[in-house]
Every structure is written in structure tokens, then in C-alpha cells.
Amino acid sequence: MTTTTTMDCDRALEALDDYVDGTLGEAAFQEVELHLAGCADCAAEHRMLRELLARAAELPPSVAPPRDLWPGIAERLAPRRPAASRWTMGLAAAAALAVAVTMVSRSGPETPTGAPSATPVAAATEGLPPALEQAEAEYARATAQLMAAIEARRGALPPRTVAALEENLKTIDAALAEVRTALRSDPANPHLNLLLASTHQRKVEVLRQVVRLTT
Amino acid sequence: MSTTIASPVPDDRAVERGLVARAQQGDLVAFEELYRRNVGRVFALCCRLAGDGLRAEELAQDVFVRAWQKIGQFRGDSAFSSWLHPLAVNTALSERRSLKRRTARVFATDDLEAFDRPGRGPGREARLDLDKALGTLPPGARAVFVLHDVEGYKHEEIARMTGVATGTSKAQLHRARRLLREALAR
């Protein structure tokens, strides 16, 4: 350190960051300049700081990760997309379950002959992959049986319940139609497959509730 | 911020705008292309802020998941990389805040092998040294050094991003620079 400047080493080192960053006022800047000119230790610190900043500026702005990170990202952006067959098999299984539950929940011995408001399945599912059509047919059977059970007891149901049921079915059938339209252009889409299954389940559940009211 | 981000050439900007528009419509293929174009920049930033190469991989993935969630908010008035950069900083910094309960990872110094690749030319050793030295810094000091001296943010911006006072940011930078000078002089 030298004694020829008014700024001591501690203050100079303290001011060094602002000095190299260009954020010192003019007077302080001149003081640091003067100190560095006369103090070898602080001048060495100053050189090392400049060198550090030069190295920082040279760091590569881009570094390739050691492995491809995309698969881990992609699986978080959308649910895993398995082969279409797995979804449609799952859908068929869900439909079969609905049929089984329907058979159990039916209280009467009558054989369903098809409910008046059942969706015309063949037309509605035209253009869907065969596996999906099959699942749809299973669901159609389940809903037809429930509709038949409801028809047989329609007289026992309050008119308000019948009206609410018809309103609900209209909404659900419209939703089913929309999902089917989307599925025709993207049959393997797992979201749509799930949506179709859950919409069918909702329909079965609504019908089942009504049947329970009458038994 | 004063960081200069390499702007794509006009044609490339048009391609990028197309990719962004498709990604905003839910097109994963387009988003993957945006990922490929930007992952190096994001990964480098995450490595330096996290001080841990493995954690940086997870962080970079978090950044792109968040980008996918927020891409609808991107208005397209800047390059996609300029929009992504603060998102990456915020993701890495929020990680740093929650890292206080996982301090074991903070001082990792030997897992930045991603930087240790051959064929970088004469400046390579110096850069490696600095990247490794960064990993030895206390997290607060490291974050401020990376943001100020590598990424070019101003103290006021760093204070906003990290939730500390401007004076604290300056003090952390002073500390980081001193520690790095000592580490590199060894």
C-alpha cells in the first residue's frame, strides 16, 4: 500500500466493484484511479477482478445437457400415449362392466326390447374404429336395458323426474355426439377415449339412479 | 436487463413464430422444436444457478413444462428465447429458495461434467475452472454473480427477482467476486 493517496486500501477494495461496473461517481472514480496507480496490492486485485469478469463473459451461453431431456418433459405435458388398442380395450371392459352392473340392478324379469329414446347406435358410431364401435355397442346395450326398466315404471315416476331425466339425457347424448365427432379425426387420442368412456358412464349412472327411484 | 440475446435472423423469426403459434394450439411437435432450439441456453443457466448438473437437468425440464403451461400468454412481441429467459431464471430461483431445506446439494462441486467436453479450444480450461468455482459459492452469492456478471442483469432487477434489497444484491456480488478470485487464484 502506498501513502500518497487519500483513499485507503479498504475503501478502495470496497469501491472496486462499482469502479469496474462503471457505477462510481466522478470524484470517487478519480480517487480509486489514483489509489490503484500508487498501490501494487490493490492494482493486482483490480487486475484479477477484470480477469474474472472477462472469464464470466466468455462462459458459453449455451450448454447441451448430457442427455435428452425431452422425453421427461413430454410425459409431463400430456398423459402417456399408449397404443390405441389398450384404450379401446379399456373402454370395452368398462362397457362390459356397465352391462354387468345393469343386469344386477334390474329388478324386473322383463326382457328389454329397446328403449324408445335409445340412441340409434349404428348411425351414431359410424366412422369410428371397430374396437370403439364394439365398446359403443356394449354401452348401448347397457343403456337400453336401463331405459327399458325405466319405461316399465314410467307411471311410478313423478313427471318432474321424467322431465329432468329427459333433459339430462339430451345433454349427455349431445356430449357423446361431440366426442364421437372428435374421435373420428383423432381415434387414438387417449383424452377423447377416456372422455367417451366417462360420458357413457355418466349416462349409465343417471339411468341407474332413476331405476333406483322406482325400486 | 442488459443481456444481449442473439436474435434469430428474420426468416428464422418467422419459423419461430409459426412454431409458437402451433404450440399455443397444443401442437407438441412444434413445442419440441422450440425445446430443441432453446434447451442449451436454459440448461447452461440452470447449471450455473443450481450449481449442480443433475439438479439442473430437472430444473431445465421444469422450465419447459412451465413454458408449455404459460405459452398462451406469450404475445410474440419478442423472441421466444427472450420470453423464456426470465421464466427460466424464476424457475431456478424459486428452486433455490426451496433448496434451503436441501442444502446438501448446494455445495456440489464435482458434477458439472457436462461442461467437460473436449475440443473447446484455448479458453476452455479457464471456463471450466470458473464453472466449477461457481459451484463452490454459497447459493445467494452464486445467484447474484450469475445474474449480474454472466447474464447481465442490473442489481435492481436482481433485487426484484430474488426478493432481496438492492444493497443485499450488491453485497452478495462483492462476496461472490472475492470468493471466486480466491478460488481461481489457488
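Taking Cβ atoms as reference points and 15 Å as the exclusive limit, the residues near residue A:139 contribute a net charge of 0, counting Lys and Arg as +1 and Asp and Glu as -1.
Annotation for residue A:174 and residue B:166: the two label points, set 7 Å from Cα along the Cα-Cβ direction, are 5.8 nm apart.
Estimated from the Cβ-Cβ distance and a Förster radius of 22 angstrom, the FRET efficiency linking residue B:54 and residue A:77 is about 0.50. Straight-line reach from residue A:170: which aspartates and glutamates fall under 13 Å, measuring Cα to Cα and dropping same-chain residues less than 8 apart? Output for residue A:170: A:178. Of all lysines in the structure, those lying under 25 Å Cα to Cα from residue B:132, and not within fewer than 8 positions of it along the same chain, are B:100, B:154, B:170.
When each of the peptides A:58-68, A:159-169 is scored by the mean number of other C-beta atoms lying within 10 Å of its residues, the order from highest to lowest reads A:58-68, A:159-169. Ranked by the mean number of other Cβ atoms within 10 Å of their residues, highest first, the peptides B:66-73, B:11-18 come out as B:66-73, B:11-18. Across peptide A:46-56, the average count of Cβ atoms from other chains found within 10 Å of a residue's Cβ is 5.
Fewest-first ordering of A:34, A:192 by other beta carbons within 10 Å of each residue's beta carbon gives A:34, A:192. Taking amide H as placed 1.01 Å from N in the peptide plane, the amide H of residue A:63 sits under 5 Å from that of B:41, B:43, B:44, each at least 5 places away or on another chain. For the segment B:35-47, counting C-beta atoms of other chains within 10 Å of every residue's C-beta and taking the mean gives 4.
Using the Cβ-Cβ distance between residue B:186 and residue A:194 with R0 set to 60 Å, the FRET efficiency works out to roughly 0.50. 3J(HN,Hα) along the stretch B:31-43, derived from phi through the Karplus expression 6.51 cos²θ - 1.76 cosθ + 1.60 where θ = phi - 60°, amounts to 5, 4, 5, 5, 4, 4, 6, 10, 5, x, 5, 5, 5 Hz, with x in place of Gly and Pro. At full extension, residue A:30 and residue A:154 could sit 34.8 nm farther apart than now, given 0.36 nm per residue minus the alpha carbon distance.
Quote the FRET efficiency, to the nearest 0.05, computed for residue A:161 versus residue A:201 with a Förster distance R0 of 25 Å and r equal to the Cβ-Cβ distance. In this case the efficiency is close to 0.75. Okay, which of the stretch A:162-193 sit inside 12 Å, backbone N to the point 7 Å along the Cα-Cβ direction of residue A:213? Output list for this probe position: A:162-169.
Read the figures in this text as sums done on the coordinates, not as results from a lab. None of these values were measured; they are calculated from a predicted model. A quick note on method: Cβ atoms are made from the backbone with ideal geometry, for glycine too, and the neighbour counts reach across all protein chains shown.
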